[in-house]
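Down below is the structure, laid out as structure tokens.
The values are calculated or read from the model by the stated rules, or taken from the named source; none is laboratory data. From a predicted model like this one, the values you see are computed outputs, not experimental measurements. Cβ placement follows ideal geometry from the backbone for every residue including glycine, while neighbour counts extend to all protein chains displayed. We work out accessible area using only protein heavy atoms, side chains counted, and drop any ligands, DNA or RNA first. Shrake-Rupley method; radii C 1.70, N 1.55, O 1.52, S 1.80 Å.
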Amino acid sequence: MNWLILLSNSLMKRCLACGVTFPSKSLCCPVCGVEPSNIDGFAAYAPDLAHSGGGFKASYFADLAQLEARHFWFQVRNQLIVWALKAYCPQFRSFLEIGCGTGYVLSGIAEAYPHVKLQGSEIFSAGLAFAAERQPTINFMQMDGRNIPFVDEFDAIGAFDVLEHIEEDEQVIVQMDKALKHNGVVLITLPQHPWMWSQTDSYAHHVRRYTAKELRGKVENAGFQILRITSFMSLLLPLMFLSRLRQRQSKAQYDPISELKISSWLNTIFKVVFNLERMIIRFGLSLLFGGSLLLVAKKI
Ligand SMILES: [Zn+2]
């Protein structure tokens, strides 16, 4: 009995082959002996999906890794995420990111919280090499968010612009709930307003853009209590809408990287505008319209 209590309080892994839970320090399932594969040096929990790439060209990750460090959107979204962690789970000691891509968000969190144990995960192994190079101290693994090999393990889990790529988004939210400790916090960002749908979404292999009501419903159905839901990219929404409208009319082949290449003065102006918006959110106002949504919820 005491052993069971001890076990339920410790950090746990879930064997994806037989379903038993076991202390997360061991890699190998004590019942069926299955352990994750190894892809390019990373533990791989969904190896069959590692090279599917989601339709992205391999060069996309290299281009993205270079651009995101300079682009206002990635910089300010990082600051928003770092602030949300401080505001809604100040005591967190462990964090899992689902769909960490090239590791840009994790590097921002690592800088702000150097003592937090960070775990990055990505279904496409191509992104992991960039992520590990950027942050050699963070632990990375290849994993499918629909099937997370942890139970009661993390204080906080984030999925930043990931759920819109996944048909079974509700399954991912349920899995995040299971992998969190009691009172653990989930942070989600994703694209908002179905009427903003454009070629950018198609190229990025989005399945949907969300309404706040839809996201709230899906997160509450998984058993979470919503702590905060707000739009962001609100002040720039009109510009974003005009740009997407132009895109719809244009017959030219869409280049997703060119959309990220903006002049440095425009980048600076947008950063100022976005920072202003971030201050409004920090002040406590939740915005109704915006290109993106931020949701923070607690496991109950
Ligand atoms: Zn097993």
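Overview of results
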| quantity | calculated |
| --- | --- |
| Helical contribution to [θ] at 222 nm, DSSP H n ≥ 4, -39,500 (n - 2.57), averaged over the chain, rounded to 500 | -12000 deg cm²/dmol |
| All-pairs Cα distance distribution in segment 171-245, expressed in whole percent, bin size 10 Å | 16, 43, 29, 11, 1 |
| Largest to smallest accessible area among ILE300, ILE188 [probe 1.4 Å] | ILE300, ILE188 |
| Bins of 10 Å from zero: percent of alpha-carbon pairs in the chain | 6, 27, 37, 22, 7, 2, 0 |
| Segment 270-282 - phi-based ³J(HN,Hα) in whole Hz, Karplus 6.51/-1.76/1.60, Gly and Pro as x | 4, 5, 4, 5, 5, 5, 4, 5, 4, 5, 4, 5, 4 |
| Ranking by accessible area, most exposed first, for THR200, THR189, THR268 with a 1.4 Å probe | THR268, THR200, THR189 |
| The chain, dipole about Cα centre (Lys/Arg Cβ +1, Asp/Glu Cβ -1), debye to the nearest 20 | 840 debye |
| Aspartates and glutamates with Cα under 20 Å of LYS298, excluding same-chain neighbours fewer than 8 positions away | GLU97, ASP152, GLU153, ASP155, ASP161, ASP169, GLU170, ASP177, GLU214, GLU220 |
| Under Karplus coefficients 6.51, -1.76 and 1.60, residue-wise ³J(HN,Hα) of segment 216-221 in Hz, glycine/proline x | 4, x, 5, 6, 5, 4 |
| Accessible area (Å², 1.4 Å probe, nearest 10) - ARG216 | 90 Å² |
| Cysteines (scope the chain) whose Cβ has no counterpart Cys Cβ under 4.7 Å | CYS28, CYS89, CYS100 |
| Karplus 3J(HN,Hα) series, Hz, for segment 187-197 with 6.51 cos²θ - 1.76 cosθ + 1.60 (x for Gly, Pro) | 10, 10, 10, 6, x, 10, 6, x, 6, 8, 4 |
| Distance between segment 81-141 and segment 178-241 - C-alpha centres, whole angstrom | 19 Å |
